[in-house]
Amino acid sequence: MLSKSIIAAALALVGTSAFAAADAPSGWTKCAQPGATCTMSGTHQAAMGKSGVFGYATFTGSFACSLTNFPSAPSNSSWCSYDPAASSSSSSTASSVASSSVSSSSSSKSSSSVASSSVASSVASSSVASSVASSSVASSVASSSAASSVASGTIDARTLTGATTPLQNVNGSYTYGVRNYAAPATIDGLHNPSNYKAAPVLPTWQFATVDPTGGALTNGERDVAPANGWHTYSQQGKVTVTGGSAASTNRIYTVFNGQQFVAALAEAGLDPKIIRVVGHIDLRYSSNNTVFKEYTSYLDQKFGGSIMLPSNTTVVGINSAAGVAPRITGTTILIGGELANGAADAETGYKAWIAAGKASDDYPTWTRNIILRNLRIDAPWDVNPEDSGNAYADAMTLSRAQNIYIERLSMGDGDTPDSLAGDTRHDGLLDIVRGSDYITLTGNYFYKHHKTTLIGNGDSGRAWSDEGRLHVTLFNNFYDRLESRLPLNRYGQVHMFNNYIYARTDGSAPADLKFGSGVDPRYKSNMLVQNMYFEITELATDSFCKKGIDGGNGTNPIGFRSSGHLMLSNKKVNNVANTTPVAWDGQCGYAAPTGANIWTPPYSYSLRTAAATKDYVSANAGAGSPVWRLPRDANGL
């Protein structure tokens, strides 16, 4: 338990820390107000802004503090400033997250304190302290010439984050990423303690202690998202998703374990931040990856086993010297959450906001502007699922999230498929729900999982949050031996193109690799599906629309357009296995949209033929270099 004096000190520090809305990035020198000249020497990254929102540029010598020089700065900017390190600075000027000054201890009900860069946020269990020190969470110092590049005529998505946006890392008595070791308990009639079961298999650990790049930002850490999907739009207009690309030098972190990851996010708050992941992240491990403790219950896993990403974040996996991508296991990645904003529940709070005449996009619970690249993420084993048929834990959930760009992830069940349990121990692989909007998934590798991607998690009961939202682009993704939801779509205006689906329906397919259905348009969805390559073993021609496209026609989409695909099935004809794909439109009896439901993607995109899609996606989708693939069996299946 923290003493009252330490708590008071921590709270006082919050007011001056990186979490406070400031008129200059943390540690930068304010040098001029608009209309004046900022006097400095050398080459620096400079900023113009107010209340934690900035436009960035790079200058050598003095410069005019003006919107002409900072076109992405807010129009009511109050100060210009510059960073403390000239472009020649080296990575030895590291940002440290120290652990000695202020700590946050946790028992079954954990507390969390937020501290500035000089006062630590250390997360500790009742028995094991896990601190993040400067020796293990290095902040690489980038050349200031690598500043964020916002496309002309677009809004920096970072400026859409309101000053009242909650961090969401604390939920009631619990803190995400901090173990609480609660005992198993039935909650709302679910999670019966008798159904508790620890993961039967653990991964082959690939822990690391050394950054193979030496801290160099050579892996696209400062890259903004390309303008090739729905992520580049918002209700305010066209945007550039910048993530953490404009991070100041003390907001760049290299993390080797889960506690470092969580502490870096807590320190940086809503500031632009870059998290460089090296080795292996698993929140069941603590003390610099030396102490392993399985989750004790649903509550321990829900909170202690989840990392909540705040707005304005870039997470990049750093490959090993051998090209192996960093791995995240036993851990859920959360982007946003559905909050009540002071009301009795989320729906009541949102409807009250709208009834007061306020814009839905200003509702202060959105998580925005996030980029993820090059990570291998295993869906966590649910130690205490809701019941035998329904797990709770996703690998990744986007909830009330906007302007999110996810590229080159590899995601699947890893070492713990449901067949090891006899019941359901995994939920979604990557779900996009609860009003999330303007999302792009590209170049990802999804493999060996049951419920792959859910877009919209309810029918008429979710109209208040989902109708008119859930704009999602999926392209260049490889769906490899999955069961279903590629994706399952409710409400979403979804554009799919140039994806490769390889699936098995043959009698020798193991249960964990048996295909059920693919693209699944449901309630009030509106989809455009183009130039896909479907390869499904032993599938009869008359079953294409029962498997590749789940053509039930009773699921009430408001529009479905599909064309340009190839379908390959090796089903024998006259005892000879077929090797030739056939052209297929995939329309499957669905009606095309009419009237106001007709839409065209507003962004530019390059469309390959279906024939070219298979080779390109097979070679490039996923994390690592070379990319990792789930092995085929002795028959090449």
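The values are calculated or read from the model by the stated rules, or taken from the named source; none is laboratory data. Only a predicted model underlies this, so the values are computations on that prediction, with no experimental measurement involved. Cβ atoms come from the backbone with ideal geometry, glycine included; neighbour counts cover every protein chain shown. With ligands, DNA and RNA removed, areas are computed over all heavy atoms of the protein, side chains included. Shrake-Rupley method; radii C 1.70, N 1.55, O 1.52, S 1.80 Å.
Cβ-Cβ contacts under 8 Å between residues 6 or more apart (or on different chains), taken from a first residue in segment 580-599 that is under 18 Å from Phe534 (Cα atoms) and free of Cβ contacts under 8 Å to residues at least 40 places away in the same chain to a second residue that is part of a loop (DSSP other than H, G, I, E, B) and open to solvent by less than 60 Å² (accessible area, probe 1.4 Å), are listed as Asp585/Gly564. Asp271 satisfies every condition listed in (1) touching a helix residue (DSSP H, G or I) at 6+ places or on another chain (Cβ under 6 Å); (2) open to solvent by less than 10 Å² (accessible area, probe 1.4 Å) except (2).
Go through segment 349-387 and count every residue that is over 30 Å from Asp512 (Cα atoms), touching a residue at least 40 places away in the same chain (Cβ under 8 Å) and of a type in the set (A, V, I, L, M).
As a first pass, look at segment 349-387 and keep what is over 30 Å from Asp512 (Cα atoms): 349-371.
Narrowing the set further to residues that are touching a residue at least 40 places away in the same chain (Cβ under 8 Å) leaves 350-351, 359-362, 364-371.
The next check asks that each one be of a type in the set (A, V, I, L, M); those that pass are 359, 370-371.
Here the count works out to 3.
The residues on offer are Tyr533, Tyr502, and the sole one that is open to solvent by 10 Å² or more (accessible area, probe 1.4 Å) and under 29 Å from the mean Cα position of the chain (by Cα) is Tyr533. Report yes if some residue within segment 204-212 is out of contact with any strand residue (DSSP E or B) (no Cβ under 9 Å at 6 or more places or on another chain), modelled with pLDDT of 95 or more, surrounded by 14 or more Cβ atoms within 10 Å (Cβ to Cβ) and more than 30 Å from Ser606 (Cβ to Cβ); otherwise report no. Looking through segment 204-212, none of the residues is out of contact with any strand residue (DSSP E or B) (no Cβ under 9 Å at 6 or more places or on another chain), modelled with pLDDT of 95 or more, surrounded by 14 or more Cβ atoms within 10 Å (Cβ to Cβ) and more than 30 Å from Ser606 (Cβ to Cβ).
Annotation note: Cβ proximity below 7 Å between a residue of segment 319-348 that is under 29 Å from Ala199 (Cβ atoms) and at pLDDT below 95 and a residue that is of a type outside the set (D, E, K, R) and part of a helix (DSSP H, G or I) (sequence gap 6+ or interchain) occurs for Glu338/Ala346. Scanning segment 555-570 for residues that are open to solvent by 40 Å² or more (accessible area, probe 1.4 Å) and over 20 Å from Met532 (Cα atoms), we see that the one that is modelled with the lowest pLDDT is Asn556.
Looking only at segment 454-470, decide whether some residue is under 15 Å from Gly548 (Cα atoms) and assigned to a loop (DSSP other than H, G, I, E, B). Talk me through it step by step, then tell me what you get.
Going through segment 454-470, the residues under 15 Å from Gly548 (Cα atoms) turn out to be none.
Within segment 454-470, none of the residues are under 15 Å from Gly548 (Cα atoms) and assigned to a loop (DSSP other than H, G, I, E, B).
Checking Ser78, Ser51 one by one, the residue that is at pLDDT 70 or above and touching a strand residue (DSSP E or B) at 6+ places or on another chain (Cβ under 6 Å) is Ser78 and no other.
Residue by residue, here is whether (1) closer than 30 Å to Pro25 by Cβ; (2) free of Cβ contacts under 8 Å to residues at least 40 places away in the same chain holds:
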position: Asn171; (1), (2): yes, no
position: Arg179; (1), (2): no, no
position: Asp188; (1), (2): no, yes
position: Thr218; (1), (2): yes, yes
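In segment 235-254, the residues that are more than 27 Å from Glu467 (Cβ to Cβ) form Cβ pairs under 6 Å with partners that are assigned to a strand (DSSP E or B) and open to solvent by 10 Å² or more (accessible area, probe 1.4 Å), at six or more places apart or across chains, as follows: Ala246/Tyr56; Thr254/Ala138. For the structure I just gave you, tell me whether Gly636 is on the phi > 0 side of the Ramachandran plot and modelled with pLDDT of 95 or more. No, not satisfied. Within segment 465-475, being in contact with a Lys or Arg (Cβ under 9 Å, 6 or more places away or on another chain) and either among the charged types (D, E, K, R) or open to solvent by 10 Å² or more (accessible area, probe 1.4 Å) (or both) holds for Asp466, Glu467. Does segment 602-614 include one or more residues that are surrounded by fewer than 17 Cβ atoms within 10 Å (Cβ to Cβ), in a loop (DSSP other than H, G, I, E, B) and not hydroxyl-bearing (Ser, Thr, Tyr)? Yes, that holds for at least one residue. For first residues located in segment 619-631 and polar (S, T, N, Q) and open to solvent by less than 80 Å² (accessible area, probe 1.4 Å), partners that are modelled with pLDDT of 95 or more and not in a loop (DSSP other than H, G, I, E, B) and lie 6+ apart or on another chain with Cβ distances below 9 Å form the pairs Asn620/Arg408; Asn620/Phe478; Ser625/Asn374. The set of residues in segment 7-47 being out of contact with any Asp or Glu (no Cβ under 9 Å at 6 or more places or on another chain), open to solvent by 70 Å² or more (accessible area, probe 1.4 Å), farther than 12 Å from Gly61 by Cα and modelled with pLDDT of 80 or more consists of Gln33, Gly35.
Which of the residues that make up segment 278-314 are closer than 24 Å to Arg251 by Cβ, in a strand (DSSP E or B) and aliphatic (A, V, I, L, M)? Listed by number, the residues that qualify are Val278, Ile281, Ile307, Met308, Leu309.
Test Asp387 against the stated conditions and say whether it is within 30 Å of Ala199 (Cβ to Cβ) and not hydroxyl-bearing (Ser, Thr, Tyr). Criteria met by Asp387.
For segment 236-265, give me each residue that is part of a helix (DSSP H, G or I), among the polar types (S, T, N, Q) and open to solvent by less than 10 Å² (accessible area, probe 1.4 Å).
Gln260
Of the residues making up segment 174-189, those that are in a loop (DSSP other than H, G, I, E, B) and either in contact with a Leu (Cβ under 6 Å, 6 or more places away or on another chain) or under 17 Å from Tyr285 (Cα atoms) (or both) are Tyr176, Gly177, Val178, Arg179, Asn180, Tyr181, Ala182. Within this structure, Ser306 fails the test of being more than 20 Å from Gln259 (Cβ to Cβ), polar (S, T, N, Q), open to solvent by less than 20 Å² (accessible area, probe 1.4 Å) and at pLDDT 95 or above.
In segment 279-303, of all residues being aliphatic (A, V, I, L, M) and surrounded by fewer than 24 Cβ atoms within 10 Å (Cβ to Cβ), the one that is nearest to His231 (Cα to Cα) corresponds to Leu299.
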